[in-house]
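Undergrad: For reference, the structure I am asking about is given below.
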Amino acid sequence: MAEPIISFKKLNITFGENVVINNIDLDILLERYPFDKELLNGIFDLILETVLCRNNEIVVASNKYPAELVRSKFLKLTSAHVQYAMDCMRTNTTKVHNIKKYLLAALFNAPSTISGYYQAEVNHDMPQFVVSGR
């Protein structure tokens, strides 16, 4: 029996790569941030690695989560979430001992925290527009 030209495993990886590349608009991010190419490729690799992970659980920020939950959140990431994670890296002033874990947590939490993060930035930069008393 002849071996298949491309294995199912390789097909899965290629499909996963294409999905992640399209979801985060990697080509546009690389064009927009040419000096952050290494960081962007690292973020892409981390997202892909997480999406393709076959463990039952994935540890994020010292918490165990069902892999399906983490995979689902990572498949919903967009270029805005990647830019948010890059902003987190750029503005962090504390010592990060494990960059991979830091980025994993930033990406996992991005959909939940991105709005509050940017609202806090606007409030800080333009306090005259802060609405109080709601």
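What follows is calculated from the coordinates using simple rules that are stated; it is not laboratory data. All values derive from a computational prediction rather than experimental measurement. We place every Cβ from the backbone using ideal geometry, glycine too, and count neighbours over all the protein chains shown.
Undergrad: For the pair D125/N92, report the inter-label distance in nm, with labels modelled 7 Å from Cα in the Cβ direction.
TA: 2.2
Undergrad: Determine the relative contact order of segment 5-134: mean sequence separation of Cα pairs under 8 Å and six or more apart, normalised by residue count, in whole percent.
TA: Here the relative contact order equals 22 percent.
Undergrad: Hey, another quick one. Label points 7 Å out from Cα along the Cβ direction at K37 and T14: separation in nm?
TA: According to this spin-label approximation, the distance is 2.5 nm.
Undergrad: Just rank M89, M126, fewest to most, by other beta-carbon atoms within 10 angstrom.
TA: M126, M89
Undergrad: Something else now. Stick to Cα atoms and the Kirkwood definition of Rh, then tell me Rg/Rh for segment 9-74.
TA: Answer for segment 9-74: 1.02.
Undergrad: For segment 61-67, take each phi angle, set θ = phi - 60°, evaluate the Karplus expression 6.51 cos²θ - 1.76 cosθ + 1.60, and give the result in whole Hz per residue in order, putting x for glycine and proline.
TA: Those phi angles translate into 6, 6, 10, 8, 10, x, 4 Hz.
Undergrad: Here is a further query. Counting Lys +1, Arg +1, Asp -1, Glu -1, what net charge surrounds A67 among other residues with beta carbon under 14 Å of its beta carbon?
TA: +1
Undergrad: Quick one: Karplus J couplings for segment 102-113, per residue in order, coefficients 6.51, -1.76, 1.60, θ = phi - 60°, nearest Hz, x for Gly and Pro?
TA: 4, 5, 4, 5, 4, 5, 4, 8, 3, x, 7, 10
Undergrad: So, one more: May I ask you to sort E31, E49 by Cβ crowding, counting other Cβ atoms within 10 Å and putting the fewest first?
TA: Least crowded to most crowded, the residues run E31, E49.
Undergrad: Exactly which trypsin sites (Lys or Arg not before Pro) in segment 94-133 are in a DSSP loop and have at most 10 other Cβ atoms within 10 Å?
TA: Answer by residue number: K95.
Undergrad: Mind sorting I21, I99, I47, I58 by how few other Cβ atoms lie within 10 Å of their own Cβ, fewest first?
TA: I99, I21, I58, I47
Undergrad: Taking the chain, how many lysine pairs are there with alpha carbons less than 20 Å apart, if each pair must be eight or more places apart or span two chains?
TA: 10
Undergrad: Seen from all sides and averaged, what is the projected area of the convex hull of the Cα atoms in the chain, in nm²?
TA: Computing the convex hull of the Cα atoms and averaging its projections yields 11.7 nm².
Undergrad: At 7 Å along the Cα-to-beta-carbon direction for both N56 and T78, put a label point, then send me their distance in nm to one decimal.
TA: According to this spin-label approximation, the distance is 3.5 nm.
Undergrad: So who's got an amide H within less than 5 Å of the one on E57, skipping anything under 5 residues away but keeping other chains? H placed 1.01 Å off N, in plane.
TA: Under 5 Å from the amide H of E57: A67.
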